1. Does Ala85 satisfy the criteria of being small (Gly, Ala, Ser) and touching a residue at least 12 places away in the same chain (Cβ under 8 Å)?
2. In the list Lys266, Lys286, Lys277, which residue meets the criterion of being in contact with a Ser or Thr (Cβ under 7 Å, 6 or more places away or on another chain) and on the phi < 0 side of the Ramachandran plot?
3. Taking the criterion of being surrounded by 23 or more Cβ atoms within 10 Å (Cβ to Cβ), without any contact (Cβ under 8 Å) to a residue 60 or more places away in the chain and out of contact with any Leu (no Cβ under 8 Å at 6 or more places or on another chain), would at least one residue in the range 204-218 satisfy it?
4. Just to be sure, is Leu221 among the hydrophobic types (A, V, I, L, M, F, W, C), touching a strand residue (DSSP E or B) at 6+ places or on another chain (Cβ under 6 Å), over 26 Å from Pro51 (Cα atoms) and touching a residue at least 40 places away in the same chain (Cβ under 8 Å)?
5. Suppose the filter is farther than 23 Å from Gln128 by Cα, modelled with pLDDT of 95 or more and touching a helix residue (DSSP H, G or I) at 6+ places or on another chain (Cβ under 8 Å); does Cys101 pass it?
6. Restricting to the range 105-140, name every residue that is surrounded by fewer than 17 Cβ atoms within 10 Å (Cβ to Cβ), touching a residue at least 40 places away in the same chain (Cβ under 8 Å) and within 16 Å of Glu198 (Cα to Cα).
Amino acid sequence: MKKIFLTLGAISLFFLSSCKCDKGEQLEFLPENITAKGTLVIEGGGDRIAPILNKIIEKGGGPEKCKLLVIPFASQVLETGERQAAEFRALGCKNADFILCPKDSIDTPEMLAKLDGVTAIFLSGGDQSRLKDFLNGTKFFDKMLQIYKDGGVIGGTSAGAAIQSRIMLTGRQVNPGPDDSDSPYFNEIKSNYVETKEGFGFLDNIIIDQHFIARRRQVRLINVLLDNPGYRGLGIDEESAVVVNPDNTIEIVGTGCAMLFEPYKKGEDGSNAHSFKLTILYPGDKYKI
């Protein structure tokens with residue numbers, strides 16, 4: 001909890017120094033119109049704890065009916081797929097498997113058949129850019145997307161969380177200097193500072209960031225929001241997940257929290273151009289997006 005207080009203090013300094021937030025201001029952001037029948041379970045990274053994995057199993061039909069496939073292409077490590085599929089089986093999921101293959105084999109009948117009957121998909125951590133490059137433009141991704149549209153669940157952790165928004169943070173700086181290249185932090189507020197690419201777009205107008213409090217990523221997300229007016233930002237901490245339901249509601253599961261940044265409408269006099277409403281969501285909280 002102390003870590004949360006320290007982080008919020010830094011955010012407050014930014015808000016107080018850059019905007020005036022009066023009563024009566026109106027929020028203004030691009031709407032999130034979810035048309036899929038399925039569910040997203042977006043985990044912020046860290047340990048994969050039972051409440052989050054059980055939520056994926058539940059949304060996938062329950063222990064007896066859930067057919068789950070782990071997709072570890074973000075790491076391309078065999079042990080990742082084996083271990084994470086075993087974690088779901090240990091929680092009672094009767095049918096949990098994983099897939100790992102070379103990129104030029106992903107659209108073979110054998111690999112596409114891995115998705116037959118699948119009701120839940122779990123995207124492992126690693127490098128979200130690698131995962132996007134691996135699946136971009138493939139029949140495998142099209143089939144995966146159809147599972148979500150038809151009512152299946154897509155879960156993901158760390159890289160598997162970041163990739164679920166259309167504007168995807170890569171974790172890298174744009175044109176880093178010699179003192180920045182090895183730094184995991186973004187310590188300035190400036191334009192065109194944080195590199196983004198196109199993600200999977202399960203969330204079209206909400207940008208996801210992960211390991212949010214543990215790795216002090218508030219400034220990073222704020223930079224991306226300033227570069228993309230009208231978008232909202234959702235920072236998810238470790239051992240926490242945001243469940244996105246088909247009725248446009250979200251709920252929080254796990255042990256940590258999530259932070260939702262929503263921009264205020266710019267005033268006619270030019271005021272409040274960089275103002276955000278910050279909502280902190282704890283386990284059990286629900287919110288309409």
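1. Criteria met by Ala85.
2. After ruling out the rest, the residue left standing is Lys286.
3. yes
4. Yes.
5. No: the conditions fail for Cys101.
6. Arg130
To keep it simple, each residue is scored yes or no on (1) farther than 20 Å from Ile252 by Cα; (2) of a type in the set (Gly, Ala, Ser); (3) touching a strand residue (DSSP E or B) at 6+ places or on another chain (Cβ under 8 Å).
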{"residue": "Thr35", "(1), (2), (3)": "yes, no, no"}
{"residue": "Gly44", "(1), (2), (3)": "no, yes, yes"}
{"residue": "Ala50", "(1), (2), (3)": "no, yes, no"}
{"residue": "Gly61", "(1), (2), (3)": "no, yes, yes"}
{"residue": "Ala74", "(1), (2), (3)": "yes, yes, yes"}
{"residue": "Gly81", "(1), (2), (3)": "yes, yes, yes"}
{"residue": "Leu100", "(1), (2), (3)": "yes, no, no"}
{"residue": "Asp107", "(1), (2), (3)": "yes, no, no"}
{"residue": "Glu110", "(1), (2), (3)": "yes, no, no"}
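So that you can scan it fast, the table gives a plain yes or no per residue for (1) surrounded by 14 or more Cβ atoms within 10 Å (Cβ to Cβ); (2) touching a Leu at 6+ places or on another chain (Cβ under 8 Å); (3) in a loop (DSSP other than H, G, I, E, B):
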| position | (1), (2), (3) |
| --- | --- |
| Glu238 | yes, no, yes |
| Pro246 | yes, no, yes |
| Ile250 | yes, yes, no |
| Val253 | yes, no, no |
| Gly256 | yes, no, yes |
| Glu262 | yes, yes, no |
| Gly267 | yes, no, yes |
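The values are calculated or read from the model by the stated rules, or taken from the named source; none is laboratory data. Everything numeric here is computed off the predicted structure, so don't read it as measured data. Cβ: placed from backbone, ideal geometry, glycine included. Neighbour counts: every protein chain shown.
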